[in-house]
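Notes follow once the structure below has been shown.
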Amino acid sequence: MISALGKIFTDLFIKYMPSAYVFALVLTLFTGCLALIWTDSSLINVLGGWYDGFWSLLAFGMQIILVIVTAHSIAQSAPVEKGINWIARFIKTPGQVYLFVLISGALIALISFGMIVIVAILARELAVRVKGLNYPFLIACVYFSLGSWVSGASSSIALLLNTENNFLMEAGILSELIPTSYTLGSSLNILMILLFVVGGPLLFYVLIPKNNNQKQLSDLLVLDNLPKEPSVKMEAQSFKLPFRAVSDILNNSALLQMTIAAFGFIYIGHHFYLNGFDLNFNIIIFTFLILGLFLHKTPLRYSISMKRSSRNISGILFQYPFYAGIMGIMLSTGLGEKIGELQVSIATLTNYPFLAYVSGGLVNFAIPSAGGEFAVIGPGIINVVKELGAGLSESEVTAMIARASMGIAYGESLSNALQPFYLLIIFPVMASGTKLQARDIMGYFVIPFILFFIIQSALLIWMPL
């Protein structure tokens with residue numbers, strides 16, 4: 001019955017859900033109209049905020065792109081390919097593939113959500129080897145496993161609260177840092193991790209579609225019998241001139257690239273020695289880049305791998321500025337503050353974590369960035385919590401702020417199941433060569449979304465930190 005219900009939702013999304021780009025356009029119009037109706041802003045104010053917002057997240061958009069292409073480059077190296085071949089020997093059935101992808105994806109995302117690209121590459125390779133897989137459902141498994149990232153080492157909101165001179169301290173909203181023992185190390189967060197690592201795989205195992213006709217990867221490829229792409233090493237060899245040349249020596253110089261990689265590893269070690277296990281986008285991208293240099297050995301091989309990895313990133317390149325524009329509207333018109341004022345009027349000591357959770361989920365549709373979203377609604381929610389906690393001890397108020405902030409993070413993460421933007425991270429890998437769109441995937445998330453929403457809401461309200 002549950003599997004049949006999942007098929008109904010999938011069919012509805014296929015019929016009614018537009019492309020991710022159209023989704024962004026509709027949200028832009030909706031946010032602009034809401035700002036005009038709910039705030040005192042004029043049309044020019046809204047348009048000005050929209051225009052300014054377009055350029056506010058260019059660095060972040062580039063970071064996402066670099067995470068994708070550097071991780072994809074690593075996956076094309078000979079050692080990783082051998083590792084994938086070794087893993088594939090032990091996974092023989094569709095059920096094993098789904099479970100492996102869900103568990104490994106949830107664990108890897110705890111390090112960084114950008115690393116989910118590696119799981120996507122492995123999943124695609126398994127889809128080639130294992131018969132009977134429902135490929136759109138497999139993509140859904142990879143994407144849903146990404147949700148654990150807000151509970152892990154790169155959780156942007158938790159890290160922000162523990163970062164010196166963050167914007168909340170500069171604005172006087174917080175007077176002290178909130179240690180990660182209140183956020184990532186809390187019993188509440190540990191249960192959230194278990195929910196994705198254990199609960200998610202069990203739930204998706206129950207939801208495995210019964211009918212996989214015309215759903216295997218081989219059925220969905222636009223062209224049948226596509227020639228297998230040569231390895232990066234083989235393509236590099238094809239560029240060699242028939243005679244000895246200095247250019248070939250430099251292009252294929254392992255000494256040159258390994259020297260640069262060695263310096264990179266020295267800095268990476270220095271970074272973690274000084275900062276502990278401090279993960280941010282920049283150090284993750286740098287680590288991926290240096291690791292790619294090391295695994296591919298020569299400049300030419302690495303250049304070929306990066307060229308291949310950059311083929312299908314157009315969705316992020318032109319869609320993310322639209323979401324940045326939506327964030328610009330919310331900031332410039334005060335729409336984000338209005339949302340915070342609404343919360344003040346209905347917040348209590350009991351329901352404030354749930355309100356933060358729902359706010360995180362709703363605002364994520366307009367701003368699919370945990371950090372950007374927290375910049376818009378975080379200050380208002382923290383001020384609400386401080387008002388509610390008047391008279392309580394400092395440690396109790398800190399715990400309340402941590403719970404509300406993580407509530408925003410959990411809501412933002414779960415609502416990605418209904419927000420197609422971050423599918424653009426794995427689609428360049430998994431949908432390559434097919435005509436698959438977000439509408440083919442999103443229906444599989446409805447039942448998991450409902451169940452996780454109920455469970456996470458209950459944990460946020462009643463589970464002690």
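The values are calculated or read from the model by the stated rules, or taken from the named source; none is laboratory data. None of the values given here were measured: they were computed from a predicted structure. Here the Cβ positions follow ideal geometry from the backbone for every residue, glycine too, while neighbour counts run over all protein chains shown. All accessible areas refer to the heavy atoms of the entire protein, side chains included, with ligands and DNA or RNA removed. Shrake-Rupley method; radii C 1.70, N 1.55, O 1.52, S 1.80 Å.
Considering (1) under 19 Å from Ser155 (Cβ atoms); (2) outside any loop (DSSP other than H, G, I, E, B); (3) open to solvent by less than 50 Å² (accessible area, probe 1.4 Å), say which one Ile367 fails and leave the rest.
Result: Ile367 fails condition (2) only.
Is it fair to say Ser395 is open to solvent by 20 Å² or more (accessible area, probe 1.4 Å) and small (Gly, Ala, Ser)?
So Ser395 fits the description; yes.
For Val376, which of the numbered conditions (1) under 18 Å from Leu174 (Cβ atoms); (2) open to solvent by less than 10 Å² (accessible area, probe 1.4 Å) fails to hold?
Looking at each condition in turn, Val376 falls short on (2).
Would it be correct to say that Lys210 is part of a loop (DSSP other than H, G, I, E, B), in contact (Cβ under 8 Å) with a residue 40 or more places away in the chain and charged (D, E, K, R)?
For Lys210, the condition - part of a loop (DSSP other than H, G, I, E, B), in contact (Cβ under 8 Å) with a residue 40 or more places away in the chain and charged (D, E, K, R) - is met.
Conditions tested, residue by residue: (1) touching a Leu at 6+ places or on another chain (Cβ under 6 Å); (2) part of a helix (DSSP H, G or I); (3) hydroxyl-bearing (Ser, Thr, Tyr).
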{"position": "Phe60", "(1), (2), (3)": "no, yes, no"}
{"position": "Ile64", "(1), (2), (3)": "no, yes, no"}
{"position": "Val69", "(1), (2), (3)": "no, yes, no"}
{"position": "Ser73", "(1), (2), (3)": "no, yes, yes"}
{"position": "Lys82", "(1), (2), (3)": "no, yes, no"}
{"position": "Lys92", "(1), (2), (3)": "no, no, no"}
{"position": "Leu99", "(1), (2), (3)": "no, yes, no"}
{"position": "Ser104", "(1), (2), (3)": "no, yes, yes"}
{"position": "Leu107", "(1), (2), (3)": "no, yes, no"}
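Would you call Gly292 in a helix (DSSP H, G or I), of a type in the set (Gly, Ala, Ser), open to solvent by less than 20 Å² (accessible area, probe 1.4 Å) and over 21 Å from Gln437 (Cβ atoms)?
yes
Could you list, in sequence order, the residues of segment 179-197 that are open to solvent by less than 30 Å² (accessible area, probe 1.4 Å) and either farther than 15 Å from Tyr143 by Cα or without any contact (Cβ under 8 Å) to a residue 12 or more places away in the chain (or both)?
Residues of segment 179-197 that are open to solvent by less than 30 Å² (accessible area, probe 1.4 Å), as a first pass: 183, 186, 188-189, 192, 195-197.
Correct list: Thr183, Ser186, Leu188, Asn189, Met192, Leu195.
Restricting to segment 240-278, what's the tally of residues that are loosely packed, with under 12 Cβ neighbours inside 10 Å and assigned to a helix (DSSP H, G or I)?
11
In contact with a His (Cβ under 9 Å, 6 or more places away or on another chain) and in a helix (DSSP H, G or I): does that describe Val46?
Details: in contact with a His (Cβ under 9 Å, 6 or more places away or on another chain): no; in a helix (DSSP H, G or I): yes.
No, not satisfied.
Please specify each residue of segment 410-461 satisfying the condition of being open to solvent by 20 Å² or more (accessible area, probe 1.4 Å) and of a type in the set (Phe, Trp, Tyr).
Within segment 410-461, Phe427, Tyr444, Phe449, Phe453 meet the criteria.
Pull out all pairs, ordered by first then second residue, where Cβ-Cβ is under 6 Å, the residues are six or more apart or on different chains, the first lies in segment 39-54 and is within 14 Å of Leu29 (Cα to Cα), and the second is of a type in the set (Asp, Glu) and crowded, with 18+ Cβ neighbours inside 10 Å.
Qualifying pairs under 6 Å: none.
Take the residues of segment 93-126 that are farther than 22 Å from Ser310 by Cα, over 13 Å from the mean Cα position of the chain (by Cα) and small (Gly, Ala, Ser): which is surrounded by the fewest Cβ atoms within 10 Å (Cβ to Cβ)?
If we take residues in segment 93-126 being farther than 22 Å from Ser310 by Cα, over 13 Å from the mean Cα position of the chain (by Cα) and small (Gly, Ala, Ser), then Gly95 is surrounded by the fewest Cβ atoms within 10 Å (Cβ to Cβ).
Got at least one residue in segment 123-131 being farther than 22 Å from Gly83 by Cβ and not in a helix (DSSP H, G or I)?
yes
If you go through segment 296-330, how many residues are within 19 Å of Val80 (Cβ to Cβ), crowded, with 20+ Cβ neighbours inside 10 Å and either in contact (Cβ under 8 Å) with a residue 60 or more places away in the chain or touching an Asp or Glu at 6+ places or on another chain (Cβ under 8 Å) (or both)?
8
Of the conditions (1) aromatic (Phe, Trp, Tyr); (2) more than 23 Å from the chain's Cα centre (by Cα); (3) closer than 27 Å to Val22 by Cα, Tyr352 satisfies every one except a single condition; which number is it?
For Tyr352, the failing item is (3).
Residue by residue through segment 341-364, note down the ones that are surrounded by fewer than 24 Cβ atoms within 10 Å (Cβ to Cβ) and aliphatic (A, V, I, L, M).
Answer for segment 341-364, where residues must be surrounded by fewer than 24 Cβ atoms within 10 Å (Cβ to Cβ) and aliphatic (A, V, I, L, M): Leu342, Val344, Ile346, Ala347, Leu349, Leu355, Val358, Leu362.
Mind checking which pairs have a first residue in segment 382-407 that is farther than 18 Å from Ala370 by Cβ and outside any helix (DSSP H, G or I) and a second that is open to solvent by less than 10 Å² (accessible area, probe 1.4 Å) and among the charged types (D, E, K, R), Cβ under 6 Å, 6 or more apart or different chains?
Matching pairs, first to second residue: none at all.
Would you mind finding the one in Ile65, Ile8, Ile74, Ile14 that is of a type outside the set (S, T, N, Q), more than 24 Å from Ser314 (Cα to Cα) and either open to solvent by less than 60 Å² (accessible area, probe 1.4 Å) or at pLDDT below 80 (or both)?
Of the residues listed, the single one that is of a type outside the set (S, T, N, Q), more than 24 Å from Ser314 (Cα to Cα) and either open to solvent by less than 60 Å² (accessible area, probe 1.4 Å) or at pLDDT below 80 (or both) is Ile8.
Among the residues of segment 331-340, which ones are under 24 Å from Val150 (Cβ atoms), open to solvent by less than 20 Å² (accessible area, probe 1.4 Å) and either touching a residue at least 60 places away in the same chain (Cβ under 8 Å) or not in a helix (DSSP H, G or I) (or both)?
If the condition is that a residue be under 24 Å from Val150 (Cβ atoms), open to solvent by less than 20 Å² (accessible area, probe 1.4 Å) and either touching a residue at least 60 places away in the same chain (Cβ under 8 Å) or not in a helix (DSSP H, G or I) (or both), then Leu335 is the only one that fits.
Condition test on Asp40, is it at pLDDT 85 or above, acidic (Asp, Glu) and either out of contact with any Phe, Trp or Tyr (no Cβ under 9 Å at 6 or more places or on another chain) or closer than 30 Å to Leu293 by Cα (or both)? So that I can check it myself, show each step before the final result.
Numbers: at pLDDT 85 or above: yes; acidic (Asp, Glu): yes; either out of contact with any Phe, Trp or Tyr (no Cβ under 9 Å at 6 or more places or on another chain) or closer than 30 Å to Leu293 by Cα (or both): yes.
Judged against the criteria, Asp40 is a match.
If you scan segment 244-281, which residues turn out to be farther than 30 Å from Ala59 by Cα and either of a type in the set (Lys, Arg) or modelled with pLDDT under 90 (or both)?
Correct list: Arg244 only.
Test Gly200 against the criterion of being under 30 Å from Leu460 (Cβ atoms) and either among the aromatic types (Phe, Trp, Tyr) or in contact (Cβ under 8 Å) with a residue 24 or more places away in the chain (or both), and give yes or no.
On the way: under 30 Å from Leu460 (Cβ atoms): yes; either among the aromatic types (Phe, Trp, Tyr) or in contact (Cβ under 8 Å) with a residue 24 or more places away in the chain (or both): yes.
Yes; evaluated as a whole, the condition is true for this residue.
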